[in-house]
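Have a look at the structure below, then the notes.
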Amino acid sequence: MAKSVDNLDTLAQAQGFTAELVDRIARAHDEPDWLVERRREALRVFKELPLPSWRHTKVDDLNLDALRPVAPASALPSWAEASLPPAAEAAAVAVQVDGRVEVRHLDPALAERGLVVTDLHTAARTHADLVERYYMRSGLDPRSDRFAALHAAFWTGGFFVYVPRGLVVEKPIYLITLITGKAAGASVSGHGLVVVDEQAQATLFDESDAHDLAEAALYTGQVEIHVQPAARLDYISVQNWRAPVREFSQKAGVVRRDATLVATTGFFGGSQTRNVFTLEMVEPGATMENILAYAASARQHFDLFTRSRHASQSTFGNMTARGVLTGASRLVYQGLIRIERGAHKSEDYLSSNTLILSPEAKVLDDIPSLEIEADDVKASHGATVGQIDQEQLFYLRSRGLNEQQARRLLVSGFFEPLLGRIPNDAARERISELVLEKVG
């Protein structure tokens with residue numbers, strides 16, 4: 001007798017991260033054999049690895065057995081409806097709500113010219129060659145930690161974006177992940193795969209939000225980005241979980257000959273977040289800029305790691321991290337520039353700056369690092385951690401501003417060097433708005 005095929009609702013009733021569930025997820029989405037085998041390999045790694053023992057980010061209280069491994073298929077919540085971009089202002093809008101993905105808009109003219117925006121399960125069937133060529137080819141590795149292995153074995157949902165050769169997409173593509181109360185106590189783990197082919201250009205917003213969670217959800221999503229020769233992608237990611245979400249996520253990008261990736265990432269929500277974002281420049285002329293903004297309040301804990309790897313000569317990078325801490329929040333930041341042997345005439349610079357607005361807030365670690373194995377390169381780093389200048393605050397108060405107004409003005413000035421590097425007006429405004437919300 002043939003085995004029954006699940007849907008998301010029946011998968012969401014499963015208990016335990018098991019081999020049986022891996023096969024049920026694969027059958028439910030009619031996945032190709034190669035992808036099923038990749039899931040099974042990741043499951044073997046998941047079973048072997050313990051929970052990570054990171055120095056400052058503690059996860060030993062997390063009981064994976066108590067989680068529902070698959071989030072349910074949920075409808076778009078009312079609290080998110082007003083925030084969706086109008087179709088007239090977007091090339092495409094795709095939304096994942098808990099475990100369910102819906103493409104709400106795709107410009108027909110761009111679709112006719114080859115733009116693909118769909119969920120990754122569908123793409124694995126309808127664009128099998130592309131997905132097999134690029135899936136998990138960005139440096140993401142299930143063996144990096146147990147959460148990465150969990151993701152690779154049990155992911156559901158996620159997005160696939162393909163911008164064909166030579167296509168210039170003028171309006172932004174929006175990918176939105178929402179966690180609702182129905183996913184409380186569940187694992188949400190979409191996988192994003194973005195490919196911008198040769199000489200193509202696009203702007204992509206990758207946004208996430210959560211609301212109304214009675215208990216914490218686990219988020220282990222991953223995103224892969226491939227920018228092919230002479231292409232350009234402006235990638236903007238804004239995480240603003242307004243609920244107790246514990247996030248252990250990874251992003252990775254590969255930039256090829258004469259291509260450009262400008263990645264702007266903002267972290268503002270959730271109770272505990274660890275994110276690793278790795279960008280690799282693998283052919284001459286590859287250029288990347290990695291811009292990181294963060295603002296933490298109350299007892300939020302952010303553990304953020306940005307790293308760039310120069311694997312070819314004449315590659316260029318810049319990493320900028322800047323954020324504020326209020327309440328009793330905590331930050332761990334690591335930045336790494338690695339220039340491989342033979343990657344001569346490469347350049348990179350790393351800077352991190354954190355402003356502390358409360359005596360209870362702490363930077364637990366701020367570690368900029370260089371690993372250089374090539375000659376004739378330019379690379380440097382710098383880091384600062386400080387508090388608001390009391391003389392500046394006093395001056396602004398003397399000019400008629402109250403303390404809240406003065407603090408907001410000083411924080412705005414602190415963020416201006418980072419905001420000035422963001423090439424997209426809407427992204428600048430959104431990040432500035434979220435920062436000032438945290439400041440109060």
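Annotations
- Charge context of Gly342, other residues only, Cβ under 12 angstrom, K/R +1, D/E -1: -2
- With a cut-off of 19 Å on the backbone N, the residues of segment 232-247 near the modelled label site 7 Å out from Glu437 along Cα-Cβ are 236-247.
- Fraction of accessible area attributable to carbon and sulfur, the chain (%, probe 1.4 Å): 45 percent
- In sequence order, calculated HN-Hα J values of segment 22-28 (Karplus, 6.51, -1.76, 1.60; Hz; x Gly/Pro): 3, 5, 5, 4, 5, 5, 4
- Rounded to the nearest Hz, the phi-derived 3J(HN,Hα) couplings of segment 412-423 under the Karplus curve 6.51 cos²θ - 1.76 cosθ + 1.60 (θ = phi - 60°) are 4, x, 4, 7, 4, x, 6, 4, x, 8, 7, x, where x marks glycine and proline.
- Pair Ser412, Ala109: separation of 7 Å Cα→Cβ label points (nm): 3.7 nm
- Expressed as a fraction of 2.2 N^0.38 Å, the C-alpha radius of gyration for segment 163-208 is 1.56.
- Per residue accessible area in Å² of segment 287-381, where ligands, DNA and RNA are left out and the probe is 1.4 Å: 37 Å²
- Neighbourhood charge, 13 Å Cβ-Cβ cut-off, centred on Gln387 and excluding it, Lys, Arg +1 and Asp, Glu -1: -1
- Model label sites at Glu48 and Ser380, defined 7 Å from Cα along the beta-carbon direction, differ in position by 4.4 nm.
- Note on Trp79 and Glu132: with the Förster distance fixed at 30 Å, the Cβ-Cβ geometry gives a FRET efficiency of about 0.20.
- At a probe radius of 1.4 angstrom, the accessible area of segment 47-118 per residue rounds to 52 square angstrom.
- DSSP-defined antiparallel bridges as percent of all bridges, the chain, nearest 5: 10 percent
- Under 27 Å from the Cα of Lys251 - lysines, other chains or at least 8 residues apart: Lys47, Lys58, Lys171, Lys182, Lys345, Lys362, Lys378, Lys438
The values are calculated or read from the model by the stated rules, or taken from the named source; none is laboratory data. Just so it is clear, the model here is predicted, and its values are computed rather than measured. Methodologically, a virtual Cβ is constructed for each residue, glycine included, from the backbone with ideal geometry; neighbour enumeration extends over all protein chains shown. In case anyone asks, the SASA skips ligands and DNA or RNA and just uses the protein heavy atoms, side chains included. Shrake-Rupley method; radii C 1.70, N 1.55, O 1.52, S 1.80 Å.
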